[in-house]
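Student: Structure provided below as structure tokens; questions to follow.
The values are calculated or read from the model by the stated rules, or taken from the named source; none is laboratory data. Remember, predicted model here, so these are calculated numbers, not experimental data. Glycine gets a Cβ as well: all are built from the backbone with ideal geometry, and neighbour counts include every protein chain shown. With ligands, DNA and RNA removed, areas are computed over all heavy atoms of the protein, side chains included. Shrake-Rupley method; radii C 1.70, N 1.55, O 1.52, S 1.80 Å.
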Amino acid sequence: QVQLVESGGGLVQAGGSLRLSCAASGRAFTTYALGWFRQAPGKEREFVATISWSGGWTYYADSVKGRFFISRDKAKNTVYLQMNVLKPEDTAVYYCAADPRGTLTTTLTGYDYWGQGTQVTVSS
């Protein structure tokens, strides 16, 4: 089994920054791709960013490119999402997810394991 626990969410003003963390435990994560998704009220869950097991490959949704940065610390089994220049439309519950196949997919079905989510609220 795999467990993912997100933290770091909160309330921030527009233009501010937050860093989300996702601690992974259970099976070995060194071959997994890890991703971040988000879901705003009344909307479908959407892809935000993903990172390869080595950390050498990353991919971002166009809506966050240049503002959000994903990274991982394999020694700590943790993935991070640094979010800068936050906008009210970034308000959502953010979820961490693990893809054991390491495909760097942007689709929800490509991820087998999910965290419980952490709320990010950006005020205008």
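Student: If each Cα of the chain is one equal point scatterer, what is log10 of I(q)/I(0) from the Debye formula at q = 0.16, 0.17 Å⁻¹?
Tutor: Those come out to -0.68, -0.76, one per q.
Student: GNM, the chain, Cα, under 10 Å: largest mean-square fluctuation among Arg38, Arg19, Arg27?
Tutor: Residue with maximal mean-square fluctuation among Arg38, Arg19, Arg27: Arg27.
Student: Where is the GNM fluctuation largest for the chain (alpha-carbon springs, 10 angstrom cutoff): Gly66, Gly42, Gly15?
Tutor: The residue with the greatest mean-square fluctuation here is Gly42.
Student: Something else: Roughly how many nanometres apart are two label points built 7 Å out from the Cα toward the Cβ at Thr121 and Glu89?
Tutor: Between Thr121 and Glu89, the label points sit 2.1 nm apart.
Student: Over the chain, average the accessible area per residue using a 1.4 Å probe and give it in Å², no decimals.
Tutor: Working: 6270 Å² over 124 residues.
On a per-residue basis, 51 Å².
Student: Oh, and also: Calculate the dipole size of the chain relative to its Cα centre from +1 charges on Lys and Arg beta carbons and -1 charges on Asp and Glu beta carbons; express the result in debye to the nearest 20.
Tutor: Details: 12 positive and 9 negative charges, 48 e Å.
In debye, rounded to 20, the chain gives about 240.
Student: While we're looking at this one, here's another question. Report the extension gain between Arg19 and Thr31 in nm, rounded to one decimal, defined as 0.36 nm multiplied by the number of residues separating them, less their alpha carbon distance. Don't skip to the end; give the middle numbers.
Tutor: On the way: separation 12, 0.36 × 12 = 4.32 nm, distance 2.35 nm.
The Arg19-Thr31 span can extend by a further 2.0 nm.
Student: With Cβ to Cβ distances under 15 Å as the rule, what net charge do the other residues near Pro88 carry (K, R +1; D, E -1)? Walk me through the numbers on the way to the answer.
Tutor: On the way: positive: Arg38, Lys43, Arg67, Lys87; negative: Glu89, Asp90.
So the environment of Pro88 carries a net charge of +2.
Student: Counting only protein heavy atoms, what percent of the accessible surface of segment 3-124 is carbon or sulfur at a 1.4 Å probe? Write out the running numbers ahead of the final one.
Tutor: Numbers: 3140 of 6100 Å².
The nonpolar share, carbon plus sulfur, comes to 51 percent.
Student: Cross-link candidates for Lys43: which aspartates and glutamates have Cα within less than 17 Å, leaving aside residues fewer than 8 places away along the same chain?
Tutor: Filter leaves Glu89, Asp90.
Student: Calculated FRET efficiency, Gln39 and Lys65, Cβ-Cβ r, R0 25 Å, to nearest 0.05?
Tutor: Computed FRET efficiency for Gln39 and Lys65 comes out at 0.80.
Student: Residues with beta-carbon under 13 Å from that of Trp53, excluding Trp53: net charge, scoring Lys, Arg +1 and Asp, Glu -1?
Tutor: Working: positive: Arg27, Arg72, Lys74, Arg101; negative: Asp73, Asp99.
With Lys, Arg at +1 and Asp, Glu at -1, the neighbours total +2.
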